[in-house]
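The values are calculated or read from the model by the stated rules, or taken from the named source; none is laboratory data. Please read these numbers as outputs of a predicted model, since none were measured by experiment. No Cβ is skipped: glycine too gets one built from the backbone with ideal geometry, and neighbour counts run over all protein chains shown.
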Amino acid sequence: MSYSIKVLAKEEITEIYHTYMEQDFPSDELKPLSHILRSMEAGYGFSLGLYGEEGLLGYAVFILCRETRCALLDYFAILKDRRGGGLGHQAFSLFERYFGEERPEIDGLYIESERVSAAENEKQRLTRERRISFYRSCGCEMTALRSVLFGVDYSVLYKPLGKEKRGNASVGALDALYRKMFKPEHYEKFVRLTGE
């Protein structure tokens, strides 16, 4: 079966937000829809949908920082009834190809994944380990970066993009992304970033 991706319009991501994102992500990790739409209007946010013959299969929300030639995978999910069949890997490959073809100015992609050592129980720990293993199997590298956003503790992975794979993770580039994403007063109060 062949799959494709397309850039989502505001109306499409609004429907996905209410239909899927509110169920797919914990409330403390999910930004308000207005935040996602504002980033799209400002030109530094966009979303991609993964489609098959039967329609939508997954989605991703990205934040761009052209000044530092990087992007952040803000949200990514395969629809619940389609998980576990390898679609996540196929989607990630299509996202990577999209950046190579449509956004060649972007050298690397940051991914936040909830920190394993901050898990509250065994089930949470296993879920977090599985998520990180997935990203590593997609060619992402674990970095020494750590961010705490609105009380949620994240490890940060990085995927070099483009033919030359010349991008490198840095505190400065991720910090520039966060400063683009958050209002100054929210950044100062709720964002902590370290390079360990």
Per the list (1) surrounded by 19 or more Cβ atoms within 10 Å (Cβ to Cβ); (2) assigned to a helix (DSSP H, G or I); (3) in contact (Cβ under 8 Å) with a residue 40 or more places away in the chain, residue check on Leu94 breaks on (1)
Exercise. Touching a helix residue (DSSP H, G or I) at 6+ places or on another chain (Cβ under 6 Å), at pLDDT below 95 and among the basic types (Lys, Arg) - does that describe any residue in the range 83-98?
Worked result: no
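Mind telling me which of the residues Arg146, Arg136, Arg192 ends up being in contact (Cβ under 8 Å) with a residue 12 or more places away in the chain, more than 18 Å from Tyr75 (Cα to Cα) and in contact with a Leu (Cβ under 9 Å, 6 or more places away or on another chain)?
On the way: Arg146 fails: more than 18 Å from Tyr75 (Cα to Cα); Arg136 fails: more than 18 Å from Tyr75 (Cα to Cα).
None of the others qualify; the one that does is Arg192.
So in the range 31-53, with the set limited to residues that are in a strand (DSSP E or B) and hydroxyl-bearing (Ser, Thr, Tyr), which one is farthest from Ala91 (Cα to Cα)?
Residues of the range 31-53 that are in a strand (DSSP E or B), as a first pass: 45-52.
From what's left, hydroxyl-bearing (Ser, Thr, Tyr): 47, 51.
Numbers: Ser47: 13, Tyr51: 9 Å.
Taking the candidates together, the pick is Ser47.
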For the range 5-29, the count of residues that are surrounded by 16 or more Cβ atoms within 10 Å (Cβ to Cβ) and either without any contact (Cβ under 8 Å) to a residue 40 or more places away in the chain or at positive phi (or both) equals 1
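Per-residue answers, yes or no, for (1) under 16 Å from Tyr20 (Cβ atoms); (2) under 12 Å from the mean Cα position of the chain (by Cα):
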| position | (1), (2) |
| --- | --- |
| Asp74 | yes, yes |
| Ala91 | yes, no |
| Phe95 | no, yes |
| Gly100 | no, no |
| Ser113 | no, yes |
Of the residues in the range 45-63, those that are modelled with pLDDT of 95 or more and either of a type in the set (D, E, K, R) or farther than 23 Å from Leu87 by Cα (or both) number 1
If we keep only residues of the range 97-118 that are within 13 Å of Lys159 (Cβ to Cβ) and charged (D, E, K, R), then the residue surrounded by the fewest Cβ atoms within 10 Å (Cβ to Cβ) is Arg97
Among helices (runs of 4 or more DSSP H) entirely inside the range 103-196, those with 1 or more residues being β-branched (Val, Ile, Thr) are 122-137, 171-181
